[in-house]
Amino acid sequence: MNRINKIICFCALLALGFHFGFTFAEPIPGDDGLSEKDKRFEIFKDDMHAYVGFSLGNVDQKASSTIVSMSDTELGFGLYLGYNFNSNFAAEISLNEFSEIETMSGTTTYETRSNSLDFSILGRLPVIPDWKVYGKLGFSRWAAQQDIENTGSLTVRDDDFGVDIFYGAGINYSLSRYIDLFTEYNMYSFDPNFNGVSNSMDVQTLFIGFKWTFWIRNPKVETNIR
């Protein structure tokens, strides 16, 4: 999946989030002056709700093999779809683009790029009002590709993929009932095999982003409110 397709997927997720957010959260004043959304929030403010998000930041990559070593820091981004079980725990799927790194050895150019699809559990701890710290642990389905090009010859391309554990930590600030700002740091380590040569890759990301929360309609909630 190239970058354009990933951006399209993010826009679709974001549009879906806005649709559900406005559909299920329109303020309709009641007899007591509270909107239906406010009533729902007061009763189920720690209950289940979903979110979509986007982040952008630095990706520090290091790759090494018996033939060549390379490292670089580039711009990357992440797309998120999550589900809050309550105010302290959530499950999350994220798609991360790690960009690419390259180096030269003699007349040979090595270019490596990677990305990941992550499945994780988040544990949050309130610090002060509207601020939380959190940790995340999960599995990363990574994909990596390497191009080897010699001057005046064809490019040799190979790719590999696998699943490994990753972990991270972050800080979250609730800007409003629907919007959260966050910064998080994640660490990945995987060992792709390119053209029969084992490589070791370490990826560290430092992203800043936002999440848009929307409620999922619950028939039981509607019945209780009425």
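Values quoted throughout were computed directly from the atomic coordinates according to the rules given, and no laboratory measurement underlies them. Computed from a predicted model, the values in this text were never measured in an experiment. Ideal geometry is used to build each Cβ from the backbone, glycine not excepted, and the neighbour counts take in all protein chains shown.
Computed extension length for residue 125-residue 139: 2.9 nm, one decimal, from 0.36 nm per residue of separation with the Cα-Cα distance subtracted. For residue 85, the amide hydrogen comes within under 5 Å of the amide hydrogens of 90, 91, counting only partners 5 or more places away or on other chains and with H modelled in the peptide plane. What net charge do the residues around residue 163 carry, taking every other residue with its C-beta under 13 Å from that of residue 163, with Lys and Arg at +1 and Asp and Glu at -1? So the surrounding residues net to -3. How would segment 90-141 be classified by its alpha-carbon gyration tensor: rounded, prolate or oblate, with rounded meaning a/c under 1.5 and the a/b versus b/c comparison settling the rest? Because a/c hits 1.5 or more and a/b exceeds b/c, segment 90-141 counts as prolate.
Multiplying the sequence separation of residue 189 and residue 89 by 0.36 nm and subtracting their Cα-Cα distance, what value in nm do you get? Write out the running numbers ahead of the final one.
Details: separation 100, 0.36 × 100 = 36.00 nm, distance 2.49 nm.
Contour length minus the Cα-Cα distance gives 33.5 nm.
Amide H to amide H, with H built 1.01 Å from N, residue 72 comes under 5 Å of 61, counting only residues 5 or more places away or on other chains. Label separation (residue 67 vs residue 169): 3.8 nm, computed from points 7 Å beyond Cα along the C-beta direction.
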